[in-house]
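Colleague: One structure, as structure tokens, below. Some questions next.
No lab work stands behind these numbers, since they all come straight from the coordinates. Note that this is a predicted model, so its numbers are computed, not measured. In this analysis, Cβ positions are derived from the backbone assuming ideal geometry, glycine residues included, and neighbour counts consider all displayed protein chains.
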Amino acid sequence: MLDWGLTAMNHQNRSGGFSLVELMAVMGIMMIVSAFFLLNGTTIQASSRVESAYKTVLEEVRQARQAAVDERRVYRITFQAPRTIITELLPRGNGACAYNPAVPKRIETLPFDIQFRAEPGIPTSPGQTPDSLGTGGNAIDFDIGFGGGATQIYFQPDGSAQDNLCRVNNGLVYMARTGQLTSSRAVSLLGTTGRIKGWQLQVNANGTKQWQ
């Protein structure tokens with residue numbers, strides 16, 4: 001009878017709460033789950049900033065071109081490393097390529113961990129760069145037909161793009177997070193028509209890389 005009573009008391013004590021081992025196991029599981037969601041959330045936020053930078057560049061260039069067409073004016077975009085985009089209105093001066101002082105319109109800045117960058121490892125062979133422009137050597141690479149490396153675009157009232165010497169201005173700008181090849185994005189420009197196109201670097205399972 002005494003043994004049965006002790007057994008019943010032990011059963012009641014166990015049913016009234018968790019043991020220390022059980023509590024530690026639950027806490028361990030909670031810590032693992034929390035770490036998983038924290039890591040996953042950080043990754044999602046980083047990817048979101050990449051897309052934000054890419055869309056900012058794409059939209060700024062498109063808006064400047066459209067404003068030039070709509071207003072029949074000249075708009076200049078300047079890309080400043082590491083992550084600034086300046087849009088300005090340029091009133092015509094005396095001469096085809098002469099401009100009066102610029103009127104500032106917008107200044108945009110890319111997210112803190114994204115910059116204009118040609119990340120090592122991007123395709124550089126002829127025909128493998130975005131729109132087959134340049135060699136991937138410059139993060140900001142306009143005026144490719146005249147040596148490349150220029151940082152400005154002059155959108156004309158007809159939608160075309162020129163440099164400051166009235167020459168057709170083909171080129172592109174790369175952006176990426178330092179050390180992360182798959183974060184690479186690019187925006188290309190064909191000066192004759194003013195066509196603007198966005199690109200994302202795809203790394204296939206076999207290791208091949210291509211812009212899409």
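Colleague: When both residues are 6+ apart or on different chains and their Cβ atoms are under 8 Å apart, which pairs have a first residue that lies in the stretch 189-212 and is over 24 Å from Gln63 (Cβ atoms) and without any contact (Cβ under 8 Å) to a residue 40 or more places away in the chain, and a second that is of a type in the set (Ser, Thr, Tyr) and surrounded by fewer than 18 Cβ atoms within 10 Å (Cβ to Cβ)?
Modeller: Hits for this filter: Val203/Thr182.
Colleague: Also, I was wondering about something else. Among what's in the stretch 176-188 and is hydroxyl-bearing (Ser, Thr, Tyr) and in contact (Cβ under 8 Å) with a residue 60 or more places away in the chain, pick the residue that is nearest to Ile144 (Cα to Cα). Even if it seems obvious, please write down each step before you answer.
Modeller: Taking the stretch 176-188 first, the residues hydroxyl-bearing (Ser, Thr, Tyr) are 178, 182-184, 188.
Next, only the ones that are in contact (Cβ under 8 Å) with a residue 60 or more places away in the chain stay: 178, 183-184.
Numbers: Thr178: 24, Ser183: 24, Ser184: 20 Å.
For the stretch 176-188, the residue satisfying everything is Ser184.
Colleague: Here is a further query. How many of the residues making up the stretch 189-212 are in a strand (DSSP E or B) and more than 18 Å from the chain's Cα centre (by Cα)?
Modeller: Residues in the stretch 189-212 being in a strand (DSSP E or B) and more than 18 Å from the chain's Cα centre (by Cα): 2 in total.
Colleague: Six or more apart or on different chains, Cβ under 6 Å: which pairs go from a residue in the stretch 121-133 that's assigned to a helix (DSSP H, G or I) to one that's of a type in the set (Ser, Thr, Tyr)? Could you list them?
Modeller: These pairs meet every condition: Pro130/Ser188; Asp131/Ser188.
Colleague: Same structure again: If Asp70 satisfies all but one of (1) in a helix (DSSP H, G or I); (2) in contact with a Pro (Cβ under 7 Å, 6 or more places away or on another chain), what's the number of the condition it fails?
Modeller: Unmet for Asp70, out of (1) in a helix (DSSP H, G or I); (2) in contact with a Pro (Cβ under 7 Å, 6 or more places away or on another chain): (2).
Colleague: Just a yes or no: is a residue in the stretch 107-120 part of a loop (DSSP other than H, G, I, E, B), touching a strand residue (DSSP E or B) at 6+ places or on another chain (Cβ under 7 Å) and more than 17 Å from Arg83 (Cβ to Cβ)?
Modeller: no
Colleague: Another question about this same structure. For the structure I just gave you, tell me whether Tyr154 is aromatic (Phe, Trp, Tyr), surrounded by fewer than 22 Cβ atoms within 10 Å (Cβ to Cβ) and within 23 Å of Glu71 (Cβ to Cβ).
Modeller: Values: aromatic (Phe, Trp, Tyr): yes; surrounded by fewer than 22 Cβ atoms within 10 Å (Cβ to Cβ): no; within 23 Å of Glu71 (Cβ to Cβ): yes.
Judged against the criteria, Tyr154 is not a match.
Colleague: Any chance the stretch 91-111 includes a residue that's in contact (Cβ under 8 Å) with a residue 24 or more places away in the chain, within 18 Å of Leu189 (Cα to Cα) and not basic (Lys, Arg)?
Modeller: Of all residues in the stretch 91-111, those in contact (Cβ under 8 Å) with a residue 24 or more places away in the chain come to 96-97, 99, 102, 105-106, 108-111.
Going one step further and asking which of them are within 18 Å of Leu189 (Cα to Cα), we end up with none.
No - not one qualifying residue is present in the stretch 91-111.
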